[in-house]
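What follows is a set of notes on a single structure, which appears directly below.
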Amino acid sequence: MPATGDGRAPGAADLPGAHDGAPVGHARKHPATTGPATAVPPIPHPRSQAVRAAHGVRHPSPTAGVGNAPAPGDGPADGGAAPLRLLVIEDDASDAQLIKAAVADSGTSIEIHWARGLDQATRLLAQASSAARRGRARGPGFGCVLLDLASPADLPHPSDASDGLEGLHELLRRAPHIPVVVLTDAAGAELGAAAVAAGAQDFLLKHETDGPLLARALRYAVERKRADESQRRLVEAELRGQENARLQRHLLPTPLLDGAGLSFTRRYRPGRRRALLGGDFYDAVRTDDGTVHVVIGDVCGHGPDEAALGVALRIAWRTLVFAGLTGEALLTTLQHVLEHERRSDEIFATLCMLVIEPGGTDTGLDALGTRERARLYLAGHPAPLLLGHDHAPVSLPADLAGPALGLLPCHDGQAAWPAHELDLRPGWRLLLYTDGLIEGRVGAGSRRLGQDGLADLIADHQSAGLTRGRLVDSAIAEVEELNGGALTDDVAVLLLERNPVQLILG
C-alpha cells in the first residue's frame, strides 16, 4: 500500500456517510470524494460509487447493495456460503480505502465494515452480537477484525509504559472470542510478531499485502481462532472433569475403625460411564463404647441425582450413629431423610446394617475362642455371606427383613426392621454387597447369577487360596466375565474380617 509524501494514498479521501458493509467483487478504480466524514464513516464500494456518480447521485444510500449483491446481513444471492463479515479498525480513511481495494482484488466474498477506533468498533461488535443472539435477519456477528496497530487506542486511561499494543490488548479484553489480524508497517515487523504472541491470530505488513494474501490471512485467522476455542473448551472440560473426580473421591467414605481389630476390604464401581460415584453407598465406624457399625445400601437408579442421594444417606447414617441412634430408631429417621431428599415418591433405597458388639477384652478384641454378638438389620437388601474356613459360604438369615426405605410409611407401623441376632465364631468373615454383583447374567441367556451363584463362586476362589483384596477382585472379575462384559449396575462390596492384629484396609 504505497503512500504519497503527505502520508495518504493517491486518490484517497475521507469516506462519507454511514455504511453497514456489503460483499465485494472485483476491483475498480476508486473515485475521489469530498466532504467531511461523519462519526461513522463508511467504506463505499468502488463500482457502486462510480455508477451513482454517472447518474448524478451525490450521496450513496447507507444500506444500498452493489449491483445484484445482497443487502448487508442477507444471505448470498446464489445460495452459496455467507460472506465473511470483516470489521476494519483504521483511523486513516486512505488506508481504509486501500484495504477495500485489496479485498476487492482478492475475489473473495468479504463484507467490510469500518470503525475509526475501539469505542466505535466495540459498539458495532456489541450490536452484531446482540442481533445474532436475538435471531434477527441481519446475519451472524463479525467473523474477524483487522486492526491497524498505528490507530489510536482510544483508551480512557492510557498507560505511560506503552508497548505499541495497547489497542490490541483492549480489543482482546472487550471481544475475546473474535479472531484478530493486525496491520503494521515494514519497520514494525517485530511489533507484529509481538501482537501474535499477545493473542492476535496473524499480522500483515501494509506495503507487502495484496488482496489474495489478505484473504488467506483472514481465513487462516478464523480457522486458527476456531481451533484455539475448541482447544480451550477441551481444556475447560478436562479441568471440570478433574474437579468432579476430586469431589466424588472426597464423597466416598473413610471408615473409622481404629482399635476395632478388623480387616476391612472395600470395592466400589459405579455403573455410569466416566463416573466415580453411583447410587450405592457404604460406611463403617466404631463408637466410643467399642461397638462397630457397618452399613451398605443402594438407591434405585443410576444417575447423578441418585448418587447425590446416596451420599446424603451415608452422611446422615454416620451422623445418627455418633448421635447414639441404632436399630429401628436409626432406620426410621433415615427413611425420613430419604423422603425429604428424594426428587420423587418412587425413589427408594435398600440397606443392610450390621452392629457388632464389643468383645470381652479391654481393647475391644475378642478373646481366643470367644464368640461375638451382632445384630443384622435388612431393609429390602440381600443378606451378607458368612465365609468360613471349614464350610462353604452361606447367606445369613433374611426372614426378619423389612421393606426398603421409602416404600412404606413409618408413622402407621407398616415399616419395621427387626434385628436378627447373630453369634459370630472366632475368625469370622462377612461379605456385604449390593445387588449389582448378583444381577449380572450368566452366559447368553436370561439367567442371573443370584445369591447362590455368588456363594458358589466365592467358594471356588477361596479354595484356590485367595483372601481379602485378591478374593474380592477375582470374584468381581469372574462375575463380569460371566456377564459378558462390564456390569451396568453400581457395585459395592465390603469384606469384613475379625483380625486381632493391626487394622488392615484393603
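Residues with amide H under 5 Å of residue 203's amide H, sequence separation 5 or more or different chain, H placed in the peptide plane at 1.01 Å from N; which?
So residue 203 has HN proximity to 182.
Just read off the accessible area of residue 87 with the full protein assembly in place, 1.4 Å probe, to the nearest 10 Å².
Looks like 0 Å² after rounding.
Using label points projected 7 Å from each Cα along Cα→Cβ, tell me how many nm separate residue 236 and residue 177, to one decimal.
About 0.8 nm, to one decimal.
With a 1.4 Å probe and all protein chains left in place, how much of the accessible area of region 197-245 comes from carbon and sulfur atoms, in whole percent? Display every interim value, and only then the final one.
Values: 1560 of 2950 Å².
C and S atoms contribute 53 percent here.
Compute, for residue 151, the solvent-accessible surface of its heavy atoms (probe 1.4 Å) with the complete set of protein chains present, and express it in square angstrom to the nearest 10.
For residue 151, solvent-accessible area is about 10 Å².
DSSP loop (so not H, G, I, E, B), at most 11 other Cβ within 10 Å: list which trypsin sites (Lys or Arg not before Pro) in region 251-339 pass both filters.
273, 274
Per Stokes-Einstein, at 37 °C and 0.692 mPa s, what whole-number D in µm² s⁻¹ belongs to region 175-278, with the Kirkwood radius over Cα pairs as the hydrodynamic radius? Don't skip to the end; give the middle numbers.
Numbers: Rh = 18.5 Å.
The diffusion coefficient I find is 177 µm²/s.
Calculate the all-directions average of the projected area of region 164-227's alpha-carbon convex hull, and give it in nm².
Its Cα hull, projected and averaged over all orientations, spans 4.1 nm².
Accessible area, 1.4 Å probe, largest first: how do 423, 95, 280, 390 sort?
390, 423, 95, 280
Between residue 123 and residue 339, what is the label-point separation in nm under the 7 Å Cα-to-beta-carbon projection?
Output for this residue pair reads 6.3 nm.
Leaving ligands and nucleic acids out of the surface, order 239, 172 by accessible area at 1.4 Å, largest first.
Putting 239, 172 in descending order of accessible area: 239, 172.
Rounded to the nearest 10 Å², what accessible area does residue 467 show when all protein chains are kept and the probe is 1.4 Å?
70
Roughly how compact is region 356-493, stated as its Cα Rg over 2.2 N^0.38 Å to two decimals? Write out the running numbers ahead of the final one.
Values: Rg = 17.2 Å, N = 138, 2.2 N^0.38 = 14.3 Å.
Compactness ratio reported: 1.20.
Taking 0.36 nm per intervening residue step and subtracting the Cα-Cα distance, what contour gain separates residue 91 from residue 391 on full extension? Spell out each step's value before the answer.
Numbers: separation 300, 0.36 × 300 = 108.00 nm, distance 9.20 nm.
Difference between extended and current length: 98.8 nm.
For region 255-387, with all protein chains present and a 1.4 Å probe, just round the carbon and sulfur fraction of the accessible area to a whole percent.
On region 255-387, the fraction of accessible area on carbon and sulfur atoms equals 51 percent.
Enter the accessible area per residue of region 312-458 (Å², integer; probe 1.4 Å; all protein chains in place).
Ligands and nucleic acids excluded, the figure is 46 Å² per residue.
Compute the accessible area per residue over region 258-307, keeping the other protein chains in place, probe 1.4 Å, unit Å².
37
Expressed in nm to one decimal, what extension gain is obtained for the pair residue 82 and residue 477 from 0.36 nm per residue of sequence separation less their Cα-Cα distance?
Answer, rounded to one decimal: 136.6 nm.
Could you give the length gained by full extension between residue 398 and residue 287, i.e. 0.36 nm per residue of separation minus their alpha carbon distance, to one decimal place?
Between residue 398 and residue 287, full extension yields an extra 37.3 nm.
Taking a 1.4 Å probe, which of 345, 490 shows the most accessible area, and what order do the others take after it? Numbers along the way, then the final one.
On the way: 345 120, 490 0 Å².
The ranking, largest first, comes out as 345, 490.
The values are calculated or read from the model by the stated rules, or taken from the named source; none is laboratory data. Treat the numbers as computed from the prediction; the structure is a model and nothing was measured. FYI the Cβ positions are ideal-geometry reconstructions off the backbone, even for glycines, and counts take in every protein chain you see. All accessible areas refer to the heavy atoms of the entire protein, side chains included, with ligands and DNA or RNA removed. Shrake-Rupley method; radii C 1.70, N 1.55, O 1.52, S 1.80 Å.
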